[in-house]
Amino acid sequence: MTDQSTYNGPQRVLSGIQPTGNLHLGNYLGALKKFTDLETAGWEGLYCVVDLHAITVPQDPALLADQTRQIAAAMMASGLDPDKSTIFVQSSVRAHTELAWIFNCVARMGWLEKMTQFKDKSGKDAERSSVGLFDYPVLQAADILVYKATHVPVGEDQKQHLELSRNIASRFNQQFNAPNFFPQPEPLIEGPGARIMSLKDGTKKMSKSDPAENSRINLIDDADTIARKIKKSKTDTQGDMPESVEAMEGRPEVANLIGIYAALAGTSDEAVIGEFGGKGFGTFKPALADLAVNHLAPITDEMRRLLADPAEIDRALVKGAEKANALAEPIIEDVRKTVGFWQV
């Protein structure tokens, strides 16, 4: 494969969120907060609402546009600045789908058949699933590489898809004798909050699709709801808070609550245990609830303000689409030439 160090283009971050369901604390700590931290650190970032990915499973067309605005509102409410980062809707940049088709002719069936997420999402009805659900990792590679993004903030469950993007980039470069045309995108997974688990089951990831409302804290929840959900969150019967990181082992729900506190406070699990180790959950849970409310309340308020003014959201998305298209079009034009397509 082409080594990242030989690619001399700009360092650029890309990530996307599907417009399905309400965003929750896991989305915020695992993605949105990381986006704003990257912006603060000076990264050039593109953050898209991936509506093309959303329709790999049935969606209500009457709701999709509003759900798209909700994700964009959450991005901006979390701190992303449309003047500093590029916030846009995936389908508004046609180069994504054009590059995805070209990559379909570069990728190999065997690569896609190894993707574990398709097996997880399709279950026993794989043959009834859409081709898009099987093929969406290729579109994901196009999302990244149409901007020649060099870094992608991902969770552990997405590392396999990023590896596919690297394979596709390498194969394209080799197949069309274009060394270093596409970079090898690298994962950004370090830091707290990379994987937030359900408040009801510490072995399962916090999910928008979980039918148990108390399993997650939604970004639109009010202060009382947040406090109530944390109060009712599952712990265990092993007594008080652990007094060491090693003592968290085998206590997934407790480890999850400690991780949430650490991520919201911008500290470490060790520091949280240093403050609360040996104390009862009657002390820790109210402190966690206060921290969560204080951190999330401004985001919730700003998100609600934006959703009450969809025209403001749309203006930001139009601006973002213009910026994204300006980046993507020269790259896709070079791809056409590299592939050998007829040019006027």
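Filtered by the rule that a residue be surrounded by fewer than 22 Cβ atoms within 10 Å (Cβ to Cβ) and touching a helix residue (DSSP H, G or I) at 6+ places or on another chain (Cβ under 7 Å), region 31-51 gives a lone residue, 51.
When you look at residue 189, is it buried (at least 17 other Cβ atoms within 10 Å of the Cβ) and within 28 Å of residue 164 (Cα to Cα), yes or no? So residue 189 passes the test. Checking each residue in region 73-104 for being of a type outside the set (Val, Ile, Thr) and either not in a helix (DSSP H, G or I) or not assigned by TED's automatic domain parsing to the domain that holds residue 324 (or both) picks out 78, 79, 80, 81, 82, 83, 84, 85, 88, 94. Within region 140-163, no residue satisfies the criterion of being in a helix (DSSP H, G or I), at pLDDT 95 or above and surrounded by fewer than 22 Cβ atoms within 10 Å (Cβ to Cβ).
Within region 18-30, the only residue that satisfies the criterion of being free of Cβ contacts under 8 Å to residues at least 60 places away in the same chain and surrounded by fewer than 23 Cβ atoms within 10 Å (Cβ to Cβ) is 18. If you check residue 328 against the conditions, is it over 20 Å from residue 34 (Cβ atoms), surrounded by 14 or more Cβ atoms within 10 Å (Cβ to Cβ) and under 27 Å from the mean Cα position of the chain (by Cα)? For residue 328, the condition - over 20 Å from residue 34 (Cβ atoms), surrounded by 14 or more Cβ atoms within 10 Å (Cβ to Cβ) and under 27 Å from the mean Cα position of the chain (by Cα) - is met.
Yes/no matrix, rows are residues, columns are (1) crowded, with 16+ Cβ neighbours inside 10 Å; (2) among the aliphatic types (A, V, I, L, M); (3) modelled with pLDDT of 90 or more:
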| residue | (1), (2), (3) |
| --- | --- |
| 92 | yes, no, yes |
| 96 | yes, no, yes |
| 101 | no, no, yes |
| 110 | no, no, yes |
| 120 | no, no, no |
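Here residue 48 clears all of (1) under 22 Å from residue 149 (Cβ atoms); (2) under 19 Å from the mean Cα position of the chain (by Cα); (3) in a loop (DSSP other than H, G, I, E, B) except the condition numbered (3).
Restricting 26, 30, 16, 21 to residues that are at pLDDT 95 or above and closer than 26 Å to residue 196 by Cα narrows the list to 16. Here region 220-276 is the region considered, the condition is being assigned to a loop (DSSP other than H, G, I, E, B) and acidic (Asp, Glu), and the residue that is surrounded by the most Cβ atoms within 10 Å (Cβ to Cβ) is 221. Do we have residue 289 as touching a Lys or Arg at 6+ places or on another chain (Cβ under 8 Å), of a type in the set (A, V, I, L, M) and modelled with pLDDT of 95 or more here? Criteria met by residue 289. Any chance region 174-185 includes a residue that's touching a strand residue (DSSP E or B) at 6+ places or on another chain (Cβ under 8 Å) and either buried (at least 21 other Cβ atoms within 10 Å of the Cβ) or of a type outside the set (A, V, I, L, M) (or both)? Yes. None of 99, 52, 112, 80 is over 30 Å from residue 128 (Cβ atoms) and touching a residue at least 40 places away in the same chain (Cβ under 8 Å) except 80.
Comparison of 22, 27, 8 shows that the only residue that is part of a helix (DSSP H, G or I) and either of a type outside the set (A, V, I, L, M) or closer than 23 Å to residue 263 by Cα (or both) is 27. If we scan region 205-213, do we find a residue that is under 24 Å from residue 301 (Cα atoms) and part of a helix (DSSP H, G or I)? There is at least one residue in region 205-213 that is under 24 Å from residue 301 (Cα atoms) and part of a helix (DSSP H, G or I).
The values are calculated or read from the model by the stated rules, or taken from the named source; none is laboratory data. Everything quoted here is computed from the prediction, not taken from an experiment. In this analysis, Cβ positions are derived from the backbone assuming ideal geometry, glycine residues included, and neighbour counts consider all displayed protein chains.
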